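Read the structure below first, then the notes.
The values are calculated or read from the model by the stated rules, or taken from the named source; none is laboratory data. Model, not experiment: these values are computed from the prediction. Methodologically, a virtual Cβ is constructed for each residue, glycine included, from the backbone with ideal geometry; neighbour enumeration extends over all protein chains shown.
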Amino acid sequence: MHTSHRQSFNAIPTPQRRVLIALLLVVVALPGVWPTRVGASATQFSELPPAWRDDRGQPFDLRTLQGHAVVLTMAYATCHRVCPTTMRRLQQMQRDFDRRGTAAEFLVIGYDPDSDDAAAWHQYRETRHLTRSNWHFLVGTRAAVEQTARQLGFGFWKYDEHVMHDTRVLYFDEHGTLVETREAAGFETTVR
């Protein structure tokens, strides 16, 4: 952001600034309102950086998920508007898969490795009862996060303490092929 624009924004009183940020977050959450990349450059799950850490701080290699269907999104643990909506949608997808007898691994990759460490994701997971063994909350290096976001078409940027971001959900089939990409609010669980 240009310095004079940042100074102008910072001149807005804090309560009004918070309202403005909240409105921007709502706009980002509305499907079709915020421009997102049309497609992902990575069409195979195997093209993503493999090395991550899970919410227990243990190494997690994406290659261990070969042969499994994968539902993937990106989020950050202190998000109060967009990410909770995405998580509710993922929980609904889990229920839909369960009802159909379809198995899938759910991956949530953190946008903000500086703030969202393993402990933050572990607390997030526990307080929201997202404790099934097929749910994985991952932390990566800044480079791995940016590469993954770029490869999968997730737009995001930091503004003050907030991460402004897309609400995409991607579905990779058991062969590791990207077969579905949608905004979280509009994802239909008709795949497989």
message: Quick check on my filter: what residues within region 125-159 are in a helix (DSSP H, G or I), of a type in the set (S, T, Y) and modelled with pLDDT under 90?
response: T148
field: Unmet criterion (only one of (1) buried (at least 16 other Cβ atoms within 10 Å of the Cβ); (2) out of contact with any Gly (no Cβ under 9 Å at 6 or more places or on another chain); (3) more than 23 Å from D173 (Cβ to Cβ)) for G110
entry: (2)
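So which residues in region 119-133 are surrounded by fewer than 16 Cβ atoms within 10 Å (Cβ to Cβ), closer than 17 Å to W52 by Cα and either without any contact (Cβ under 8 Å) to a residue 60 or more places away in the chain or touching a Lys or Arg at 6+ places or on another chain (Cβ under 8 Å) (or both)?
If we filter region 119-133 for residues that are surrounded by fewer than 16 Cβ atoms within 10 Å (Cβ to Cβ), which is where we start, we get 119, 123, 126-129, 131-133.
Remaining after also requiring closer than 17 Å to W52 by Cα: 119, 133.
Hit for region 119-133 is S133, nothing else.
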query: Among all residue pairs at least 6 apart or on different chains, which show Cβ distances below 7 Å where the first residue, located in region 87-113, is under 19 Å from G176 (Cα atoms) and in contact (Cβ under 8 Å) with a residue 40 or more places away in the chain and the second is among the β-branched types (V, I, T) and assigned to a helix (DSSP H, G or I)?
result: I109/V145; I109/T148
- request: Report yes if some residue within region 73-86 is at pLDDT 85 or above and surrounded by 12 or more Cβ atoms within 10 Å (Cβ to Cβ); otherwise report no.
  value: yes
Residue ID - modelled with the highest pLDDT, chosen from residues in region 101-123 that are within 14 Å of the chain's Cα centre (by Cα) and in a loop (DSSP other than H, G, I, E, B): D116
- prompt: What are the residue pairs meeting all of these: first residue in region 58-71, first residue assigned to a strand (DSSP E or B), second residue among the hydroxyl-bearing types (S, T, Y), Cβ atoms under 6 Å, and 6 or more apart or on different chains?
  reply: V71/Y171
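If we scan region 138-158, do we find a residue that is of a type in the set (S, T, Y), touching a helix residue (DSSP H, G or I) at 6+ places or on another chain (Cβ under 8 Å) and loosely packed, with under 15 Cβ neighbours inside 10 Å?
First, pick out the residues of region 138-158 that are of a type in the set (S, T, Y): 141, 148.
Next, only the ones that are touching a helix residue (DSSP H, G or I) at 6+ places or on another chain (Cβ under 8 Å) stay: none.
No, the conditions are met nowhere in region 138-158.
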field: One residue from Q7, Q16 being at pLDDT 55 or above, in a helix (DSSP H, G or I) and either surrounded by fewer than 12 Cβ atoms within 10 Å (Cβ to Cβ) or on the phi > 0 side of the Ramachandran plot (or both)
entry: Q16
